[in-house]
1. So, for the chain, what is the accessible surface per residue at a probe of 1.4 Å, expressed in square angstrom?
2. For the stretch 1-91, which chymotrypsin sites (Phe, Trp or Tyr not before Pro) pass both filters: DSSP loop (anything but H, G, I, E, B) and at most 13 other C-beta atoms within 10 Å?
3. Identify, among 119, 41, 60, the residue whose Cα sits farthest towards the positive end of the charge dipole of the chain, taking +1 on the Cβ of Lys and Arg and -1 on the Cβ of Asp and Glu, with the dipole about the Cα centre.
4. Near residue 372, within a Cβ-to-Cβ distance under 12 Å, what is the net charge of the other residues, with Lys and Arg +1 and Asp and Glu -1?
5. At 1.4 Å probe size, with the rest of the protein present, what percent of the exposed accessible area of the stretch 211-334 is carbon and sulfur atoms?
6. Residues of the stretch 285-312 with amide nitrogen under 19 Å from the 7 Å Cα-to-Cβ point of residue 383?
7. Could you sort out which of 112/189; 164/337; 131/371; 164/207 sit more than 31 Å apart by Cα distance in this structure?
8. Counting Lys and Arg as +1 and Asp and Glu as -1, what is the net charge of the other residues whose Cβ lies under 14 Å from the Cβ of residue 338?
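The values are calculated or read from the model by the stated rules, or taken from the named source; none is laboratory data. Everything numeric in this text was worked out from a predicted model, so none of it was measured. Ideal geometry is used to build each Cβ from the backbone, glycine not excepted, and the neighbour counts take in all protein chains shown. Ligands, DNA and RNA are excluded from the accessible area calculation, which covers all protein heavy atoms including side chains. Shrake-Rupley method; radii C 1.70, N 1.55, O 1.52, S 1.80 Å.
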Amino acid sequence: MENRIYMDHAATTAVCPEAEQAMVPYFAERFGNPSGVYQFAMENRQAVSEARKILADSIGADPEEIYFTSGGTESDNWALKGIAEYAGTGSHIITTRIEHHAILHTCEYLEKRGFQVTYLGVDEFGRIRLKDLEAAIRPETVLISVMTANNEIGTIQPIQKIGKIAKEKGIYFHTDAVQAYPALPIRVKDMNLDLLSVSSHKINGPKGIGFLYIRSGVKIEQFMHGGGQENHMRAGTENVPAIIGFAKAAETAMERMEERAERERKLRDLMIELVLKQIPYARLNGSRRERLPGNVNFSFQFVEGESILIMLDMKNICVSTGSACTASSSEPSHVLKAIGLPDELAYSSIRLTLGAENTEEEVRYVVEQLKEIVQELRKTSYRYESISKEAGK
Ligand SMILES: *Cc1c(COP(=O)(O)O)cnc(C)c1O
């Protein structure tokens, strides 16, 4: 569709031309199974290992520490279940109330299986408090899992400090870096990370591929049982085209990381400034400073986020309310509730996430549309009418 304005990059992104081109030969021409012992297959084994090296370098890891998975969800599942199962029932995990459902629902599953989980609360900006983390640590604690940056409100956590605490206590530290990578520089050794999840389709790579970084020496159960792929830890024939595309997307993104983050940050701040100045009763959710470059999340009091989204869609503007995974549920966002928003404000929120192709012109246009839509919708709100009359007196 032409003239579409896409501001939902936290949900997914388009495959970049570099990645698309790199993948093409691996569908039909170079279809060999990397496990084969003839030249034609071994070439693909070589290609996969080069891809692994590129991805490892991008986070300061060794290639042997990168395990390909089907994406962020699988990486999160593996990290939690793999560590918990290796440690045995009764062991304890610490996470937060604002994690992605790939973490939260896995934790709920583990609780049913006899594991213990502590869900840390967050402050009004979505940051955990380190003293809460320290207080939650028990002798049975085997794993701390805290996301690098949140997918709904963009809040960045103090990963380095959490890593230091985990290391001092001898507890494994996992982070879901799906939103943060590669917008924020990640060095696994400096950050004392033992496990880290990344997904390809959030960084202009293909869908259905990601990796889990597992530091050498970490005691974890294997995830898929079958053949000997991924060093006997995750069986199944490698998704070669996706792996090639993923590495190319990562490489391309790393080259432009600084410049892109700077650009997105400017657009983000412009949007925040315009909205807060021009639309009354608008609230920015999340932190002003500790925020992903491309993330904006507002509540527009007296209107439903769902209605704004539909009206923006009629103008061919793609945004979302909270996270895509809860789009079909009518529960307010668990993240917005965790930062203390009352249901009314949680229901009135929308998330706009910027990407490489968005322009200042688009930002200004979307804000104009938002202003009109919110104004229009508020006409049907009795509470807004009476409050604005009071204010006008
Ligand atoms: C998108 C996302 C996931 C899930 O990744 P998939 O590759 O879609 O399975 C996990 N965590 C966060 C923070 C995400 O934004």
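1. The answer is 45 Å² per residue.
2. Hits after loop and neighbour filter: 27, 31, 38.
3. 119
4. +2
5. 48 percent
6. 285, 298-309, by backbone N distance to the label point.
7. Violating the 31 Å limit, Cα to Cα: 112/189; 131/371; 164/207.
8. -3
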